[in-house]
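Since the structure comes first, as structure tokens, the remarks are kept for the end.
The values are calculated or read from the model by the stated rules, or taken from the named source; none is laboratory data. These numbers were taken from a predicted model, which means no experiment stands behind them. We place every Cβ from the backbone using ideal geometry, glycine too, and count neighbours over all the protein chains shown.
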Amino acid sequence: MITRFLSLSESTKGVVASVFASCLFALMPVYVQFQPQLDNWSITGGEGHWIAIQRVIWSALLMILVLMMSGRIRLFWQAFKQAHRWHRYLLSALLVGPQYWIFVWAPLNGETLSVALGYFSLPLVLVLVGRFVYGDQLSPLQTLACLVATAGVAYAYAMADGLSWIVLLIALGYPVYFVHRRTLNIQSDVGFTLDNVFLLPFAISAMFYLQPFEALRELDLSIIGYYIGLAITGSVPMLLFLYASQSLSMSVFGLLGYVEPALVFLVGLMLGERVATADLPTYLLVMAALVILAIDGVRRARSQGLGIN
């Protein structure tokens, strides 16, 4: 199976990576629900900040270990030793750091709708970036999918109370990050590790602010195991996501971003959440856009002789 994957074209591997990333990202809201309960928060809403901090700390440690085990740690050190690029690495970290935080903080603080609107808007912004920054051209079916998705997002905005800062952070922050990452010209795993390493000083400082040192000493192995699992749950899809962003045109990468909210919607249904009737048009239009994209993908595969019957 791995051999067959490696034999695929770069763009096809990018599509597969994007879809798998979306599937894994859809599991994170479920994983976060089982976070260990801690007390003595120094500020209100500390749980959301804390879990985002732990994601950064343990992701940095996990990625360094993975690079060491895979023999790629030398690539990390080669990049890290280029001190004249540190300001660019720091910018990359500061662009993606708020995204790590908002993804876990917002749902725990009653801002799930704003996060959903942000992720519904993000693919359309990426399509615009692809068109006007990189000169991407969409096929007729891809254009149709974009228009259908736009109708769904427009309906969601019409039903919302207003445009929150969370929507803007997600919809505008990620595109800037992806554009900046392309200018760095480094491998996905090395770049992701650098992001987390440069976020470490902020994460560690915030950790000691949120919890007294005595409380940190009482963390047992089950809690640490949970944080390691959190790092795995967040790192694997992010690596796939970054690989896809560098393997596909920005427009196609953006449109594939609708797989994730559609899967989150289905996961919510499986967890017993009730969907308001007013929200259904948005999800149905997004799913229709994904079906159109799938049809376009099958047509392209057939035209390239990839043996899809």
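Looking at the structure I just gave you, is GLY152 out of contact with any helix residue (DSSP H, G or I) (no Cβ under 9 Å at 6 or more places or on another chain) and either in contact (Cβ under 8 Å) with a residue 60 or more places away in the chain or small (Gly, Ala, Ser) (or both)? Before you say what the answer is, go through the steps one by one.
Details: out of contact with any helix residue (DSSP H, G or I) (no Cβ under 9 Å at 6 or more places or on another chain): no; either in contact (Cβ under 8 Å) with a residue 60 or more places away in the chain or small (Gly, Ala, Ser) (or both): yes.
No.
When you scan the range 73-84, how many residues do you find that are in a helix (DSSP H, G or I) and surrounded by fewer than 16 Cβ atoms within 10 Å (Cβ to Cβ)? Spell out how you get there, then give the answer.
Initial filter on the range 73-84 (in a helix (DSSP H, G or I)): 73-80, 83-84.
Narrowing further to those that are surrounded by fewer than 16 Cβ atoms within 10 Å (Cβ to Cβ): 74, 77-78, 83-84.
Adding up the residues that qualify gives 5.
Please specify each residue of the range 68-108 satisfying the condition of being over 12 Å from TYR177 (Cα atoms) and aliphatic (A, V, I, L, M).
As a first pass, look at the range 68-108 and keep what is over 12 Å from TYR177 (Cα atoms): 68-87, 100-108.
Residues satisfying the conditions are MET68, MET69, ILE73, LEU75, ALA79, ALA83, ILE102, VAL104, ALA106, LEU108.
Out of VAL236, VAL259, VAL286, report the one residue that is at pLDDT 75 or above, aliphatic (A, V, I, L, M), closer than 20 Å to LEU141 by Cβ and within 17 Å of the chain's Cα centre (by Cα).
Working: VAL236 fails: closer than 20 Å to LEU141 by Cβ; VAL286 fails: within 17 Å of the chain's Cα centre (by Cα).
Criteria check complete, one pass: VAL259.
Among the helices (runs of 4 or more DSSP H) confined wholly to the range 165-269, which include 3 or more residues that are under 20 Å from LEU117 (Cα atoms) and β-branched (Val, Ile, Thr)?
Working: elements: 165-184, 188-210, 213-216, 221-247, 250-256.
Helices (runs of 4 or more DSSP H) meeting the threshold: 165-184.
Within the range 98-156, restricting attention to residues that are within 21 Å of the chain's Cα centre (by Cα) and not in a helix (DSSP H, G or I), which residue is nearest to GLY48 (Cα to Cα)?
The extreme case among them is ASN109.
Among the residues of the range 220-230, write down those that are aliphatic (A, V, I, L, M) and surrounded by fewer than 22 Cβ atoms within 10 Å (Cβ to Cβ). Step through it out loud before you land on a result.
In the first step, residues of the range 220-230 are kept if they are aliphatic (A, V, I, L, M); the result is 221, 223-224, 228, 230.
Correct list: LEU221, ILE223, ILE224, ILE228.
Looking only at the range 8-53, which residues are modelled with pLDDT under 80, among the charged types (D, E, K, R) and either over 19 Å from VAL115 (Cα atoms) or in contact with a Cys (Cβ under 7 Å, 6 or more places away or on another chain) (or both)?
GLU10, ASP39 - these are the residues of the range 8-53 that are modelled with pLDDT under 80, among the charged types (D, E, K, R) and either over 19 Å from VAL115 (Cα atoms) or in contact with a Cys (Cβ under 7 Å, 6 or more places away or on another chain) (or both).
Between ARG300, ARG274, which is at pLDDT below 80, farther than 22 Å from ARG55 by Cβ and assigned to a helix (DSSP H, G or I)?
Details: ARG274 fails: assigned to a helix (DSSP H, G or I).
Sole residue among the options that is at pLDDT below 80, farther than 22 Å from ARG55 by Cβ and assigned to a helix (DSSP H, G or I): ARG300.
Pairs needed: first member in the range 187-208, touching a residue at least 12 places away in the same chain (Cβ under 8 Å); second member anywhere, outside any helix (DSSP H, G or I); C-beta distance under 9 Å; at least 6 residues apart or different chains.
GLN187/ARG72; ASP189/ARG72; VAL190/ARG72; LEU194/ILE186
Can you confirm whether the range 210-227 contains a residue that is at pLDDT 90 or above and hydrophobic (A, V, I, L, M, F, W, C)?
No; the residues of the range 210-227 include none that is at pLDDT 90 or above and hydrophobic (A, V, I, L, M, F, W, C).
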